[in-house]
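Asker: I'd like to ask you about the structure that follows.
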Amino acid sequence: MILLHTALTPEAKPLARHFGLQMSDRRRGPPLLIGDGVSLVVSGAGRARGAAAVAYAWGSLAEAGQPPRAVLNTGLSAAEGRAHYPDMLFRHSLPESTLYTFDTIVESREEARSVSFDAPAPALVDMEAGGVFTAMALFLPPSRVHSLKIVGDSLSDARSLTANAVQKLMEGATDAIANFLQELNAFCDAAPSTNPLKTNEEQLLHEVAETLRLTATQKARLRDAACRHRLARGKSPMSVLSAFALERPTHKHERNRVLHRLIHALSNT
Amino acid sequence: MRSATHKPPPPFTHVYVEQAAREHPETRRVLERMPQSRIVPISHHKEILNRPRQEWRAQKAAPALVLALRRGEFLYAASAHTPDFGHGRFHYNALAQNCLYDCAYCYLQGMFPSAHLVLFVNNEDYLAATDEALKAGPMYLALSYDTDLLALENILPYTRRWVDFARDRPSLSVEIRTKSAAYAPLGRIAPAPNAILAWTLSPDPVAKRYESKTPSLAQRLRAAAKAMEAGWPVRLCVDPVLLVQDWHRIYTQFVATVSSALDLAQARDVSIGVFRMNKDYLKNMRHRAAPTDLLYYPYTTTGNIVTYAQPEHEALTGHVRDLFSRHIPPERIFVQ
């Protein structure tokens, strides 16, 4: 599940249409739309609303068993602005820029400079991304929180965009957003696991450890032996573990002997 | 939703540059060599290095470069678990953090939360600190400690500069430890008797399995042979020796290969050590690094170091030492 975030409803509508998103049945909190592999939360304008909305969406989706694996803040931005450091570890075809988040609407370059530091080359401003990044850093790596901005206005005409104009700009950008999401999704899919064991192997390991009434240290030793078995021999430890699944030691010394045999079998089979 | 196939971008598509390092001549030199990279200004390299929950392995596949200024300390006392080769004052410095190579047993995977490569551009401050430290007496200095310096020579030519620096300071001995096969940059300068080029060598089956992105044993041996021929003091490091299946035969064959490729009598010395690691680093590696059996071996723990049990340690180092002692006097073989 990838979580999209926009500040405004006109920014959200084209995305909802493009990804076939449906409003969730939650009655409280910001609007949360859910689809196949993509969800979308609409926060309202502002850094605090942005942070609160993504945290709310994260919690709601995690509770439903679908914690987002990446977050994409998107919507309109003005030209000129201030920066962030997402880790860009996959290829994409969009231009990159620094992004400055302000707590109030910024209407001129001078105003931007008075609030921000030395605004470098062309940059963008918004009112939410800083909050989204701060909130999502609690849950996700910096490689999985990104911001895509559609430059819809310059600082001089920031207040002049109508809802219709915003929607039109978003409609024009949905294909680019969808392509970026595909790359982000592929990156998430390709993320290698650091756990050498598969879910069913972990489960059997847990069952055997419970049956043998292993101590925490013994469980760790057994798990290490199972991991080594898979990594050194390239074989699943399932068959070895299964052979010991019915052992029922009646006292501590017997348990220790069974564990010794089990680890020996994992190391030598 | 449809999904594309992930293909990591090439290294250094992004170069993070500390504001304070932006105008440094070395920064400009590095950036000139990377015209395609996107330059991102930052305040401090730890803004990039110390972010929580970084995807270490994905970063290793597509590392960014961070150009920074080292502040504070420039020299550190070396760990007791690093051989000092009989030198009283053994220090190391960190001209870079992280490495282009990807060795499964490397402590850097557990030490730094990020795989991005940091280069400190203010080499002049390191040199000044070393001169200051030399006032207290002779010093042995490991230059390639948290990195592989020679492998970075095309980005920053620090190895050559430090050799030239050492050449005029006989009370300083420097060691440049490497797996690189890039001898050519050194071939253009004269050897210095107090600049030791130390090649880490592993049997091919070990290198193939555990030393990703490194040159092969044959390539490393060719580089070491050229260096020896040119008159450089060359150290051969078999460190770590690993308890792999069929290790006895593998290391026997390995020493035979090394001794036929190099005139071992010309080597300055041989350094042998087994796998050893700070236990917290090993724990971190299990969460970050590519899983290998090395991470799950039942090591013994002494203090905060995990390593093979004494009988295994003795069997491994004893075997390799005996093999080398057929070619090089025992007093030139150091076992850790």
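The values are calculated or read from the model by the stated rules, or taken from the named source; none is laboratory data. None of these values were measured; they are calculated from a predicted model. Cβ: placed from backbone, ideal geometry, glycine included. Neighbour counts: every protein chain shown. Each accessible area value is taken on the protein alone, full model and side chains, heavy atoms only, with ligands, DNA and RNA left out. Shrake-Rupley method; radii C 1.70, N 1.55, O 1.52, S 1.80 Å.
Asker: With every protein chain in place, what's the accessible area of residue A:189 (1.4 Å probe, Å², nearest 10)?
Answerer: 90 Å²
Asker: Summing Lys, Arg as +1 and Asp, Glu as -1, what charge do residues with Cβ under 11 Å from the Cβ of residue B:302 carry, residue B:302 excluded?
Answerer: Local charge sum for residue B:302: +2.
Asker: Placing +1 on the Cβ of each Lys and Arg and -1 on the Cβ of each Asp and Glu in chain A, which of A:129, A:197, A:187 has its Cα farthest towards the positive end of the resulting dipole?
Answerer: Value computed over the given set: A:197.
Asker: Further question on the same structure: Most fluctuating residue of A:129, A:226, A:190 in a GNM of chain A with Cα springs under 10 Å: which is it?
Answerer: Comparing A:129, A:226, A:190 in a Gaussian network model of chain A, the most mobile one is A:226.
Asker: Shielding by partners for B:281-291, please: the mean number of other protein chain Cβ atoms within 10 Å of each residue's Cβ.
Answerer: The mean count of partner-chain Cβ atoms within 10 Å per residue comes to 2.
Asker: Round to a whole number: what % of the accessible area of the protein assembly as shown belongs to carbon and sulfur, probe 1.4 Å?
Answerer: Carbon and sulfur atoms account for 52 percent of the accessible area of the protein assembly as shown.
Asker: I would also like to ask the following. With a 1.4 Å probe and all protein chains in place, put B:160, A:233, B:326 in order of accessible area, largest first.
Answerer: Of B:160, A:233, B:326, the descending order of accessible area is B:326, A:233, B:160.
Asker: Let me ask something else about it. Which of A:135, A:163, A:220 moves the most in a Gaussian network model of chain A with Cα springs under 10 Å?
Answerer: Maximum fluctuation in the GNM of chain A, among the listed residues, is at A:220.
Asker: Something else now. For segment B:1-62, state what percent of all Cα-Cα pairs lands in each successive 5 Å bin, counting from 0 Å until the bin that includes the largest distance.
Answerer: 4, 14, 20, 22, 18, 12, 6, 3, 1, 0
Asker: While we're here: Ranked from the most accessible area to the least, with a 1.4 Å probe and all protein chains present, what is the order of A:204, B:31, A:262?
Answerer: Ranking A:204, B:31, A:262 by accessible area, largest first, yields B:31, A:204, A:262.
Asker: Assign unit charges at the C-beta atoms only (+1 for Lys and Arg, -1 for Asp and Glu), then state the dipole size of segment B:68-127 relative to its Cα centre in Debye, rounded to the nearest 20.
Answerer: So the magnitude is around 80 debye.
Asker: Now a separate question. Of the trypsin sites (Lys or Arg not before Pro) in segment B:12-59, which ones lie in a loop per DSSP and count no more than 12 other C-beta atoms within 10 Å?
Answerer: Listed in order of number, the matching sites are B:33.
Asker: Also, I was wondering about something else. Give me the net charge for the shell around residue B:36: Cβ to Cβ below 14 angstrom, other residues only, Lys and Arg +1, Asp and Glu -1.
Answerer: +1
Asker: Out of the GluC sites (Glu not before Pro) in segment A:6-99, which ones are loop residues according to DSSP with at most 14 other C-beta atoms within 10 Å?
Answerer: Answer by residue number: A:96.
Asker: Taking a 1.4 Å probe, which of A:88, A:238 shows the most accessible area, and what order do the others take after it?
Answerer: A:238, A:88
Asker: A further question on this structure: Residues with amide H under 5 Å of residue B:38's amide H, sequence separation 5 or more or different chain, H placed in the peptide plane at 1.01 Å from N; which?
Answerer: Under 5 Å from the amide H of residue B:38: B:14, B:15.
Asker: Could you give me D for chain B, from Stokes-Einstein at 10 °C and 1.306 mPa s, where the hydrodynamic radius is the Kirkwood radius over C-alpha pairs? Units µm² s⁻¹, please.
Answerer: 76 µm²/s
Asker: If you don't mind, there's one more thing I want to ask. Residue-wise, which Karplus ³J(HN,Hα) couplings in Hz belong to segment B:233-239, taking 6.51 cos²θ - 1.76 cosθ + 1.60, θ = phi - 60°, and x for glycine or proline?
Answerer: x, 10, 9, 10, 10, 9, 7
Asker: Let me ask something additional. Mind checking which of A:146, A:92, A:251 has the largest fluctuation in a GNM of chain A, springs on alpha carbons under 10 Å?
Answerer: Answer for the Gaussian network model of chain A: A:251.
Asker: Same structure, new question: Pick out, in residue order, every one of the GluC sites (Glu not before Pro) in segment B:1-34 that is DSSP loop and has at most 16 other C-beta atoms within 10 Å; say none if there are none.
Answerer: Taking segment B:1-34 and a limit of 16 other Cβ atoms within 10 Å, the loop GluC sites (Glu not before Pro) found are B:23.
Asker: Take the residue pairs A:13/A:168; B:179/B:208; B:7/B:283; B:179/B:226; A:235/B:213; B:208/B:283 and return only those whose Cα atoms are more than 18 Å apart.
Answerer: B:7/B:283; A:235/B:213; B:208/B:283
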